[in-house]
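Readers should treat all values here as calculations from the given coordinates under stated rules, not as data from a laboratory. What you see is a predicted model, and the numbers here were worked out from it, not measured in a lab. Backbone-built Cβ (ideal geometry, glycine too); neighbour counts: all protein chains shown.
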Amino acid sequence: MNLPVWAQTTGLLVLSNIFMTFAWYGHLKGLQNRAWYVAALISWGIALFEYLLQVPANRIGHTQFSLAQLKIMQEAITLTVFVPFAMFYMNEPFKLDYVWAGLCLVGAVYFIFRS
């Protein structure tokens, strides 16, 4: 099965962002009692998987999308992944600011992808 470029790019970026979010913030929950350098090394190991997905995503995506489009796509996906992570994994309360930030990103996506 040959997926369209947008589907391959989006899927890989979503998976990449899941790893990135855990690498950047997961240690705040699970490793808060460990030395910072232990958390940094574990985060670095997790980030390796992020890069193994992110680099092919951008290479595939750049065959169809501009650099700016890839960046805005990445930012929109980041917020889409981060909000559930913050709420369900980190037990942070939902904030209406997430909605406003999301709407700003929808605007950014519109402007970067319009013809």
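A few comments on the model shown:
- Ranked by the mean number of other Cβ atoms within 10 Å of their residues, highest first, the peptides 85-95, 37-47 come out as 37-47, 85-95.
- Compactness ratio for the stretch 55-106: Cα radius of gyration over 2.2 N^0.38 Å (N = residue count) comes to 1.37.
- Kyte-Doolittle mean at least 1.0 and Cα axial length at least 18 Å: DSSP H helices in the chain: 5-21, 67-84, 96-113
- Radius ratio Rg over Rh of the chain, counting only Cα atoms, Kirkwood formula for Rh: 1.02
- Between the alpha-carbon centres of the stretch 27-59 and the stretch 92-115 there is a gap of 26 Å.
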